[in-house]
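In what follows, a structure is listed as structure tokens, so that the remarks can point back to it.
The values are calculated or read from the model by the stated rules, or taken from the named source; none is laboratory data. Since the structure is predicted, the reported quantities are computational estimates derived from the model, not experimental observations. All Cβ positions, glycine included, derive from the backbone under ideal geometry; neighbour counts span all protein chains shown. Note: areas computed on protein heavy atoms with side chains; ligands, DNA, RNA excluded. Shrake-Rupley method; radii C 1.70, N 1.55, O 1.52, S 1.80 Å.
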Amino acid sequence: MINNIIDHSLNYLEKNEYKSFDYFDALSSPLLNNFSNQLIRRISIQLIGKSIINIRPLLGIKRKLHTKLISDLLSIYSKLYNTRNEEIYLRKAYSIYDILITRGIKSNDKIAWGLNFPYSSRFVDSNENTPNIFNTLNSVISLLDFYKVTNDENIIIHVKSSLNYIFEDLGLVEITRNCKWLRYYPGQTIPTYNVNAMAAYVFAMVNNIYKNEIVSLETIDSLINFLLDGQNKNGSWFYSESKNGKWIDGFHSGYIIESLSYMNINEILHDDSFQKSVSYYIDNLFTNEGIPKYYNNKIYPIESQNCAQAIQTISKLIMNHKFDYFILLENIIDNVIKHLYNSNGYFYYKKEKYFTNKNIFFRWSISPMLLALLFAQEALAKKK
């Protein structure tokens, strides 16, 4: 079943030349991007994103090839080549790799990635050429996945160039000598927990793959200390410590737990914070039926990215720690298929209590789901 979904969805992406609209792409409209008021820009994004009627073409918004989709595809094709050993996947991976490097925002010996459309939130106002750490880290992860199947030394150059950007252009912000955080966007003044967890994970993975201390252990430890200092007593994390960021949601929690899982199995994290975070996650962010909650206090929306990250996080917990979450994983997948999957090969954006938003966003819904299902296949193969 999972293989069929992966094949149908990849075929759907390829048939559409990987281009789609995006939940957050409202400011790609020449009309809406003319507004300078940040509140109006944010409202425009949310109104168009939440609308079940797609009015983007009327506003001059076009389907695009989105950066996060590209990095996901590089990981997907690399993993498919590794598991199926069919040359077509390697050829597609090389093609996507070229696109990813071409898409990178380059400066001197540095390369980074961002959203390829203007964006406004309560934390940032950026344009299509503004790099951010989330897209850059996901691109590095995909490069590492590609390196594992090619051993192409050029990939090392790009990874190191990305690390140069992260440290030199985004920069570590020091709270104390042993506690630091990385900016999400250039100039950001408020730390965000999930991307700092991802950064520590990626840095540790780079060191492991290259068998060298590319990023100092002191730097990785300082990011971990920042995470541990910000963990709530119940094991959870807020999105950020700003007054506008004190919510707990499923997919950002999943990013953190997946990262801490890697730290734990590689003996970089030694206290009980990881187990506390897992206990909170399992007890508060899933229903009894295995539906991933978007927020910790309500079921709806059943949202595609949140579900994809839940599948990936639970799969990693099974593989890394031999946790017996097989039934939960199978129930999550069943619910995703029931509520969000269309047999034509795509996933809807989200299901609310009384209606389903059937808009199709490739980088937000389809590619994260395909990547998660590949991890789920690997995890479920360990079931006795």
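For segment 78-99, the tally of residues that are open to solvent by 50 Å² or more (accessible area, probe 1.4 Å), of a type outside the set (Asp, Glu) and within 15 Å of ILE155 (Cα to Cα) stands at 3. Pick from SER28, SER75, SER71: which is out of contact with any strand residue (DSSP E or B) (no Cβ under 7 Å at 6 or more places or on another chain) and open to solvent by 10 Å² or more (accessible area, probe 1.4 Å)? Selected residue: SER28, the only one of SER28, SER75, SER71 that is out of contact with any strand residue (DSSP E or B) (no Cβ under 7 Å at 6 or more places or on another chain) and open to solvent by 10 Å² or more (accessible area, probe 1.4 Å). Can you confirm whether SER253 is open to solvent by less than 20 Å² (accessible area, probe 1.4 Å) and modelled with pLDDT under 95? Considered against the rule, which asks whether it is open to solvent by less than 20 Å² (accessible area, probe 1.4 Å) and modelled with pLDDT under 95, SER253 comes out as no. When we screen ASN331, ASN297 for residues that are modelled with pLDDT of 95 or more, among the polar types (S, T, N, Q) and open to solvent by 30 Å² or more (accessible area, probe 1.4 Å), the only hit is ASN331. Looking across TYR94, TYR119, TYR184, TYR147, one residue alone is over 21 Å from the mean Cα position of the chain (by Cα) and among the aromatic types (Phe, Trp, Tyr). It is TYR94.
In segment 128-173, what residues are outside any helix (DSSP H, G or I) and surrounded by 21 or more Cβ atoms within 10 Å (Cβ to Cβ)? Don't jump to the end; show me each part of the working.
The first filter runs over segment 128-173 and keeps only residues outside any helix (DSSP H, G or I), leaving 128-132, 151-152, 171-173.
PRO131, ASN132, listed by residue number.
Residues of segment 270-291 that are under 11 Å from ILE257 (Cβ atoms) and surrounded by 15 or more Cβ atoms within 10 Å (Cβ to Cβ): SER273, PHE274, LYS276, SER277, VAL278, TYR280, TYR281, ILE282, LEU285. Considering only residues in segment 201-235 that are of a type in the set (S, T, N, Q), part of a helix (DSSP H, G or I) and open to solvent by 30 Å² or more (accessible area, probe 1.4 Å), the one that is farthest from ASN178 (Cα to Cα) turns out to be ASN208.
Selection of segment 173-217 for residues being touching a residue at least 60 places away in the same chain (Cβ under 8 Å) and of a type in the set (A, V, I, L, M) yields ILE190, VAL195, ALA197, MET198, ALA199, ALA200, VAL202, ALA204, MET205, VAL206, ILE209. Of all residue pairs spaced 6 or more apart or on separate chains, those with beta-carbon atoms under 8 Å, a first member in segment 1-18 that is surrounded by fewer than 16 Cβ atoms within 10 Å (Cβ to Cβ) and a second member that is in a helix (DSSP H, G or I) and of a type in the set (S, T, N, Q) are ILE2/GLN377; ASN3/GLN377. For SER259, indicate whether it is among the hydroxyl-bearing types (Ser, Thr, Tyr), under 16 Å from the mean Cα position of the chain (by Cα) and at pLDDT 95 or above. Yes; evaluated as a whole, the condition is true for this residue.
Quick one: which residue in SER242, SER253, SER273 is touching a residue at least 24 places away in the same chain (Cβ under 8 Å) and under 17 Å from ALA372 (Cβ atoms)?
Values: SER242 fails: under 17 Å from ALA372 (Cβ atoms); SER273 fails: under 17 Å from ALA372 (Cβ atoms).
Unique residue meeting the criteria: SER253.
For segment 307-360, how many residues meet the condition of being more than 19 Å from ASN3 (Cα to Cα) and assigned to a strand (DSSP E or B)? Matching residues across segment 307-360 total 4.
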